[in-house]
Amino acid sequence: MKDALNDPIIAAESYTLWTARVALGAEDSAWEAAFWMKNLFDEQYRAQGVNLTGLGFGYLNVNNARMFGGTLTVRF
């Protein structure tokens, strides 16, 4: 549940998120190149919400979709 009243309209089911990261770097740790991915299986869940249907409105926010990127680290 997402609020103190356990409102079923904005309740969230259980979920699992998978994250992956692959990196390649120098033995002396001078540099590292990495590729990462968050929310690997693109799981969607309710992250936040407000039920004000008594006033005629409400909203739900969902999580971020699958994201991926790269990181290059240089130490000197």
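The values are calculated or read from the model by the stated rules, or taken from the named source; none is laboratory data. Small disclaimer: the values here were computed from a predicted structure and weren't measured. We place every Cβ from the backbone using ideal geometry, glycine too, and count neighbours over all the protein chains shown. Quick note on the areas: whole protein, heavy atoms, side chains included, nothing else; ligands and nucleic acids left out. Shrake-Rupley method; radii C 1.70, N 1.55, O 1.52, S 1.80 Å.
Some values worked out for this structure:
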{"item": "Of all accessible heavy-atom area on the chain, the percent that carbon and sulfur account for (1.4 Å)", "result": "57 percent"}
{"item": "Cα-centred dipole magnitude for segment 11-76, charges only on beta-carbon of K, R (+1) and D, E (-1), debye, nearest 20", "result": "200 debye"}
{"item": "Global form of segment 26-76, assessed from the alpha-carbon gyration tensor, a/c cut-off 1.5", "result": "prolate"}
{"item": "Under-5 Å amide H pairs with GLY58, H placed in peptide plane, nonlocal only", "result": "LEU52"}
{"item": "Surface per residue (accessible, 1.4 Å probe) for the chain, Å²", "result": "81 Å²"}
{"item": "Amide H partners (placed H, <5 Å) of TYR45, local residues excluded", "result": "ASN63"}
{"item": "Leading residue at positive end of dipole, the chain (Cβ point charges), from VAL50, PHE35, PRO8", "result": "VAL50"}
{"item": "Three-way shape call for segment 1-62 based on the alpha-carbon gyration tensor, with the a/c threshold at 1.5", "result": "prolate"}
{"item": "Residue among ASN63, ASN39, ASN51 with the largest mean-square fluctuation in a Gaussian network model of the chain, springs linking Cα atoms under 10 Å", "result": "ASN51"}
